[in-house]
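Since the structure comes first, as structure tokens, the remarks are kept for the end.
Since every read-out is calculated from the coordinates, none of them should be taken as a lab result. Treat the numbers as computed from the prediction; the structure is a model and nothing was measured. Neighbour counts are summed over all protein chains in view; Cβ atoms, including those assigned to glycine, are modelled from backbone coordinates with ideal geometry.
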Amino acid sequence: MAVDFETEIKQLRTTMASVREVTDLERLGAQITDLETEASAPDLWDDVERAQKLTSALSRAKAEHDKVTGMDARIGDLEALVELGREENDAETMQEAEKELTGLRKAVQLLEVRTLLNGEYDVREAVVTIRSGAGGVDAADFAEMLLRMYLRWAERHDYPTSVLDTSYAEEAGLKSATFEVKVPYAFGTLAVEAGTHRLVRISPFDNQGRRQTSFAAVEVVPLIESTDTIEIPEADLKIDVFRSSGPGGQSVNTTDSAVRMTHLPTGTVVSMQNEKSQIQNRAAALRVLQSRLLLLKKAEEDAARKEMAGDVKASWGDQMRSYVLHPYQMVKDLRTGHEVGSTAAVLDGDIDDFIDAGIRWKRSADRQDA
């Protein structure tokens, strides 16, 4: 069936018009100009931390601007390619145009998802924690597989990440791991990954080769900012220090630099051990604890509003995805119904389609609840 390029290109341009409106290229351009002015200051690097934040913000703003304007240019190039192919009656050129159209659909779709991220904290960077659940050593191994999956996803997009804490299981895998994704909208993008993930496979740790079902939980919270008002009285904190450890119990260092911080009123616990000093680990732990309390506060407010409306529902994120490696190959999101058979690709970080479907699903669910 012949491709209707006119209709397809018109639809791409309509979608990009929506993307440009939300992105607000004029505002973004003004922001880039201001950042460039600050970055050109001769004393910029007198404060290294501030300089790094400023140059990173400038780089991200330019990348976002170029992504939108570059997509417009690609659509124009596609239009010219189709026109050339038709004038020359060149089948090879038309095949090239079809291939470019497929790539453009995917790229524009990913940009369009950004227009759906308008929640209170969606623009924030994200702190992701993965914890092994039921399933013993297989669950710990699954937690490590998920950590790799998300880090590979971030790597595919050139998103900077920082692993804050890793707690290794005794035999293999991880009890838990916490990492940051340090780009704008990381929270809005990854929030749909929160919930219980399930793995079904022939266990590599079972000498009888039996099928094993294991679980891991993913938590995603927005990174706290200095403007947020989350005050934690010292009396509400219990702080323990201990020695950092690596796989198999090997000591990372010989000082008690790791920090475990417990928020007594809520029972929220945060551990940090990947920084070099106790002071750094304590600061990182406090930042993540504040982030979790910020989200907890919002969840309580949302629950109170729903209760007043007489519409209390279970969390949408629970039991959200199954990864089946045996007796067949399939990864399926239980909320959106999106599924693929390429399990290896998914576990290697190819999860954009799941995130896309999840964001659209959540947006639809939010509209129904409103």
Fill in: Overall Cα dimensions of the chain, principal axis frame, Å, largest first
73, 65, 50
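I need to check one value: relative contact order of the chain, counting alpha carbon pairs closer than 8 Å and at least 6 residues apart, in percent. Numbers along the way, then the final one.
Details: 578 pairs, mean separation 55.0, N = 370.
Averaging sequence separation for qualifying contacts and normalising by length gives 15 percent for the chain.
Over region 135-178, what per residue volume does the convex hull of the Cα atoms give, in whole Å³?
Working: hull volume 2.2 nm³, N = 44.
Considering the Cα atoms of region 135-178, their hull volume per residue is 51 Å³.
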Response to the item:
If one compares the long axis through the Cα atoms of helix 91-114 with the longest principal axis of the Cα atoms of the chain, the angle in degrees, nearest 10, works out at 40 degrees
Worksheet, complete the sentence: If R0 = 41 Å, then S277 and E231, at their Cβ-Cβ distance, give a FRET efficiency to the nearest 0.05 of 0.95
Worksheet item: By how many degrees, 0 to 90 and rounded to 10, does the Cα axis of helix 5-23 deviate from the longest principal axis of the chain?
Response: 40 degrees
Response to the item:
Bridge orientation stat for the chain from DSSP, antiparallel percent rounded to 5, came to 90 percent
Item to complete: Tell me the Kirkwood hydrodynamic radius of region 20-113 in angstroms, computed as one over the mean inverse distance between distinct C-alpha pairs.
Response: 15.9 Å
Practice prompt. In whole Hz, with x marking every Gly and Pro, tabulate ³J(HN,Hα) for region 76-85 from phi via Karplus 6.51 cos²θ - 1.76 cosθ + 1.60, θ = phi - 60°.
Written response: x, 5, 5, 4, 5, 5, 5, 4, 5, x
Response to the item:
Rounded to the nearest 10 degrees, the helix 278-308 long axis (Cα) sits at an angle to the longest Cα principal axis of the chain of 70 degrees
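Tell me what the chain gives for mean residue ellipticity at 222 nm when only DSSP H runs of n ≥ 4 count, each as -39,500 (n - 2.57), the sum divided by the residue total, rounded to 500 deg cm²/dmol.
Details: 9 runs with 179 residues, N = 370.
The helix contribution divided over the chain gives -16500 deg cm²/dmol.
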Discussion item. Given a Förster distance of 22 Å, report the FRET efficiency between E171 and A344 from their Cβ-Cβ distance, rounded to the nearest 0.05.
Written reply: 0.40
Discussion item. Can you give the log10 of the normalised intensity I(q)/I(0) at q = 0.12, 0.16, 0.27, 0.28 Å⁻¹, computed with Debye over equal Cα scatterers of region 1-75?
Written reply: -0.47, -0.67, -1.17, -1.21
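Counting residues in region 323-364 as N, plug N into 2.2 N^0.38 Å and put the Cα Rg over that result.
On the way: Rg = 10.6 Å, N = 42, 2.2 N^0.38 = 9.1 Å.
Relative to the rule-of-thumb radius for its length, region 323-364 sits at 1.17.
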Worksheet item: Label points 7 Å out from Cα along the Cβ direction at A299 and R156: separation in nm?
Response: 2.8 nm
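Taking N as the number of residues in region 66-188, what value does Rg over Cα atoms divided by 2.2 N^0.38 Å take? Intermediate values should be presented prior to the final figure.
Details: Rg = 21.2 Å, N = 123, 2.2 N^0.38 = 13.7 Å.
That works out to 1.54 for region 66-188.
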Discussion item. Students often get this wrong, so check it: of K67/K332; K106/K332; K298/K332; K238/K297; K10/K106; K67/K106, which have C-alpha atoms separated by over 24 Å?
Written reply: K67/K332; K298/K332
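Order the peptides 257-267, 33-43 from the highest to the lowest mean number of other Cβ atoms within 10 Å of their residues.
Working: 257-267: 17.0, 33-43: 11.3.
Result, highest mean Cβ count within 10 Å first: 257-267, 33-43.
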Worksheet item: GNM on the chain, C-alpha springs below 10 Å: top fluctuator among K238, K62, K53?
Response: K53
